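For reference, the structure is listed below as structure tokens.
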Amino acid sequence: MTGATELQLREELAACYRLIAHFRMSDLIFTHISVRIPGPEHHFLINPYGLMFEEITASSLVKIGLDGRAVEASAHGVNPAGFVIHSAIHGARADAQCVLHTHTRAGCAVAALECGLLPVNQISMEFYGKVAYHDYEGVALDMDEQQRLVRDLGDKPVLMLRNHGLLTVGETVSQAFLRMYYLEKACDIQIAAQACGKLILPPAAVCEHTERQFNDPGRPLEEGELADLDAMQLAWAALLRLLDRVSPGFRE
């Protein structure tokens with residue numbers, strides 16, 4: 001995200017909101033996605049509370065500080081639970097430039113399972129050893145929960161909020177979105193598989209190898225092994241083309 005202007009970040013975040021709506025991962029006006037604006041102030045952009053995700057545009061996003069106060073005049077407030085969760089993570093994790101939180105059916109179901117996310121499918125192995133868990137404490141309106149959120153997340157890219165939902169972080173908006181897209185698919189596959197019978201799980205060594213293939217494609221390769229370095233950039237570009245066809249107003 002180095003070198004991105006505020007306008008670019010606004011357009012990417014607005015695109016992310018539209019994509020979450022398009023893929024049916026939104027929850028009316030609730031849940032939230034934020035992106036930090038470069039600079040020492042720790043300002044970040046978040047959704048205007050009250051708008052559906054498919055209504056959000058680059059110019060309607062609200063800029064706030066870690067204290068929850070709007071940095072610029074806005075006709076909209078922000079979701080207080082969104083402030084509690086997102087300000088905590090932005091303040092603690094320099095690499096968490098984008099923070100994305102959802103309340104999907106599959107995600108909430110897996111977050112309520114004692115086993116959490118299992119390596120049921122190739123898609124879920126992207127997250128092998130990469131998922132943190134935070135026990136439910138009620139609606140995230142208590143400021144003292146912030147320290148426990150940060151502690152439980154640690155250095156992981158994914159946080160399962162027990163009895164609540166899913167959260168991903170990313171160094172870019174595209175990374176946070178694609179993590180959430182595939183985390184949601186992994187949860188959906190797991191729920192379907194668990195409903196059918198006894199699960200077959202790959203050996204730990206295979207899961208670890210597959211996780212590295214997903215998350216470290218630039219590592220030294222073994223003889224005969226291939227890499228797909230451009231996959232996520234190509235996927236994000238394709239998603240933006242999709243939005244230009246079905247929801248082109250996000251850049252306004």
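Remarks
- Flag if residue 117 is surrounded by 21 or more Cβ atoms within 10 Å (Cβ to Cβ) and either of a type in the set (Ser, Thr, Tyr) or under 14 Å from the mean Cα position of the chain (by Cα) (or both): no
- Taking region 30-80 as the range and being surrounded by 15 or more Cβ atoms within 10 Å (Cβ to Cβ), in a loop (DSSP other than H, G, I, E, B) and touching a residue at least 60 places away in the same chain (Cβ under 8 Å) as the test, the residues that pass are 31, 56, 57, 58.
- Extreme residue, nearest to residue 19 (Cα to Cα), among residues of region 88-104 that are surrounded by fewer than 20 Cβ atoms within 10 Å (Cβ to Cβ) and in contact (Cβ under 8 Å) with a residue 12 or more places away in the chain: 103
- All conditions but one from (1) within 22 Å of residue 27 (Cα to Cα); (2) touching a Leu at 6+ places or on another chain (Cβ under 8 Å); (3) modelled with pLDDT under 95 apply to residue 93; the one that does not is (1).
- Qualifying residue in region 130-145 (condition: assigned to a loop (DSSP other than H, G, I, E, B), out of contact with any His (no Cβ under 6 Å at 6 or more places or on another chain), in contact (Cβ under 8 Å) with a residue 60 or more places away in the chain and buried (at least 19 other Cβ atoms within 10 Å of the Cβ)): no
- Number of the condition not met by residue 120 [criteria: (1) more than 25 Å from residue 49 (Cβ to Cβ); (2) touching a Pro at 6+ places or on another chain (Cβ under 8 Å); (3) not basic (Lys, Arg)]: (2)
- Among (1) among the hydrophobic types (A, V, I, L, M, F, W, C); (2) surrounded by fewer than 18 Cβ atoms within 10 Å (Cβ to Cβ); (3) part of a helix (DSSP H, G or I); (4) touching a Gly at 6+ places or on another chain (Cβ under 7 Å), the one test that residue 187 misses: (2)
The values are calculated or read from the model by the stated rules, or taken from the named source; none is laboratory data. For clarity, every value in this text was computed on a predicted model and none was experimentally measured. Here the Cβ is made from the backbone with ideal geometry for all residues, glycine too, and neighbour counts use every protein chain on show.
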